[in-house]
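Note sheet for the following structure.
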Amino acid sequence: MLDITAADRIAIHETIALHGHVADDRDWDRWDDLYTDDLVLDLEDFGLGTIYGIAALRKMARDNQDDPSQPLGHHVTNIVLVAQDGDRVRARSKGLAVNADGSSGTVVYEDMLRQTPQGWRICHRRILARRTPVRP
């Protein structure tokens, strides 16, 4: 059982859900409403390595914002809090992406959040692509 208040639980859910709005609005200056300055963002499953720090995330986002393969819509759902370690909470959620060609994709977000003076922020995020299994 997690030892957090209902208010903290709601704040964590809203922080995670904010991702879709910031990403789809291309409002890169708002990443700090979502992430800590020392963010670790694991994009290994997409062949993009790991991003260290919010400044590096902003640069990557700006550099790629006109890439036509970027989704038009990011939707976060199925947010569950799964563990707590002191001032940190681990969460899992699902992401749905809608692309310009009408196709869609899905991911799993594995997040570690910590409470900061500004509120709950994601300090570590691993994004795992959900792909159709290849059959031999």
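What the table shows:
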| item | result |
| --- | --- |
| Spans of strands (runs of 3 or more DSSP E) in the range 28-119 with at least 1 residues under 19 Å from A11 (Cβ atoms) | 35-42, 73-85, 88-98, 104-116 |
| The range 49-59, subset surrounded by 13 or more Cβ atoms within 10 Å (Cβ to Cβ) and in contact (Cβ under 8 Å) with a residue 12 or more places away in the chain, residue nearest to I127 (Cα to Cα) | I51 |
| Any pair with Cβ under 7 angstrom, 6 or more apart, that starts in the range 105-125 at a residue that is on the phi < 0 side of the Ramachandran plot and ends at one that is among the small types (G, A, S) and surrounded by 15 or more Cβ atoms within 10 Å (Cβ to Cβ) | G105/A97; T106/G95; V107/G95; Y109/S93; Y109/G95; D111/A91; L113/A91; W120/A11 |
| Answer from V40, V80 - the residue that is on the phi < 0 side of the Ramachandran plot, surrounded by 14 or more Cβ atoms within 10 Å (Cβ to Cβ) and in contact with a strand residue (DSSP E or B) (Cβ under 9 Å, 6 or more places away or on another chain) | V40 |
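Read-outs throughout are calculated quantities, based only on the coordinates presented, and are distinct from any laboratory measurement. All values reported here derive from a predicted model rather than from experimental measurement. Note that each Cβ is placed from the backbone with ideal geometry, even for glycine, and that neighbours are counted across all protein chains shown.
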